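Colleague: Have a look at this one before I ask anything.
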Amino acid sequence: MLTKLAKVARAACAGALGAALLGTGAGVVQADPGPPVIGGGSGIIIDNTELCTVTTVGHDAAGRLVGLTAGHCGEQGSQVWAEQDRGAGVIGHFAYSNPGAALDYAVIQFDEGSIIPVNRIGNTTITEIGAPATFPLTGCKEGRTTGNTCGIIWGNFQNDNTSTQMCVAQGDSGGPVVVGTTLVAMVRAYLVVPCFGPEVGPNMSAIVNDMNARAGVGAGYYPI
């Protein structure tokens with residue numbers, strides 16, 4: 001049974017979304033903290049209900065600032081917030097999503113000036129997109145729930161997905177799967193048991209090819 005990672009309790013999410021602005025007294029001006037830092041491995045909130053993870057951030061051929069995550073995290077038009085800076089407001093929207101499809105990915109178009117894009121989050125740095133990884137290489141992922149975990153890569157399926165033995169759980173959907181600093185796949189789901197069952201997700205080369213074939217937002221993508 002394939003378990004989607006993005007299903008999180010609405011009550012828990014609601015608790016995480018709360019934010020307060022505290023006054024500091026007359027004559028005191030608070031510095032603007034700036035937009036949230038977002039990269040592959042950052043947590044995001046979709047439509048105030050789902051918690052997922054960004055795969056990567058970069059530009060498409062038209063110069064738009066875009067990112068990727070799992071398609072089952074939301075639908076086309078879904079709004080996106082930064083999990084660690086909910087107060088920054090909406091930072092973008094799903095320009096494309098294909099929930100339920102074999103590749104199961106979504107393209108996020110970020111609003112101008114809404115984020116600081118980076119190529120490193122936690123222990124994961126992304127410098128390039130590469131071909132699917134094969135057995136017995138070791139892959140690692142960065143997820144908003146379980147952080148940085150690594151495991152053996154079992155191999156690739158005919159539907160352009162890769163299976164690994166990495167720990168993933170709810171909310172890690174969309175997390176980048178890297179070999180070194182090369183992005184090779186995206187976290188989609190775990191099989192049967194979180195962190196114990198194998199993880200499976202679409203290959204980045206297949207996602208890039210699909211974006212290029214659609215010729216819309218995300219076509220010609222290259223990472224920060």
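Colleague: Largest first and to the nearest Å, give the Cα extent of the chain along each principal axis.
Modeller: Principal-axis extents of the Cα atoms in the chain, largest first: 63, 39, 29 Å.
Colleague: Percent of accessible area on the chain owned by carbon and sulfur, 1.4 Å probe?
Modeller: Numbers: 5390 of 9770 Å².
Percent of accessible area from carbon and sulfur atoms in the chain: 55.
Colleague: For the chain, with the dipole built from +1 on Lys and Arg beta-carbon atoms and -1 on Asp and Glu ones, taken about the Cα centre, which of Gly220, Pro202, Trp81 lies farthest toward the positive end?
Modeller: It is Pro202.
Colleague: With charges only on Cβ, +1 for K and R and -1 for D and E, what is the dipole size of the range 29-150 about its Cα centre, in debye, rounded to 20?
Modeller: Working: 5 positive and 12 negative charges, 59 e Å.
Dipole about the Cα centre, nearest 20: 280 debye.
Colleague: Further question: What residue among Thr181, Pro35, Ser163 has its Cα farthest toward the positive end of the dipole of the chain, where the charges are +1 on Lys, Arg and -1 on Asp, Glu, each on the Cβ?
Modeller: Projecting each Cα onto the dipole axis, the largest value belongs to Ser163.
Colleague: What 222 nm value per residue comes from the helices of the chain, counting each DSSP H run with n ≥ 4 as -39,500 (n - 2.57) and dividing by all residues, nearest 500 deg cm²/dmol? The partial results should precede the final answer.
Modeller: Numbers: 2 runs with 19 residues, N = 224.
So the calculated ellipticity at 222 nm is -2500 deg cm²/dmol.
Colleague: Moving on. How high is the FRET efficiency between Ile116 and Ala61 when r is their beta carbon distance and R₀ equals 30 Å, given to the nearest 0.05? Numbers along the way, then the final one.
Modeller: Values: r = 22 Å, r/R0 = 0.74.
E between Ile116 and Ala61, to the nearest 0.05, is 0.85.
Colleague: To the nearest 20 debye, what charge dipole does the chain have about its Cα centre, counting +1 at the Cβ of each Lys and Arg and -1 at the Cβ of each Asp and Glu?
Modeller: Details: 10 positive and 16 negative charges, 64 e Å.
So the dipole magnitude of the chain works out to roughly 300 debye.
The values are calculated or read from the model by the stated rules, or taken from the named source; none is laboratory data. Because the structure is a prediction, the values reported are computed rather than measured. Note that each Cβ is placed from the backbone with ideal geometry, even for glycine, and that neighbours are counted across all protein chains shown. Remember, those area values only see protein heavy atoms, side chains included, never the ligands or the DNA or RNA. Shrake-Rupley method; radii C 1.70, N 1.55, O 1.52, S 1.80 Å.
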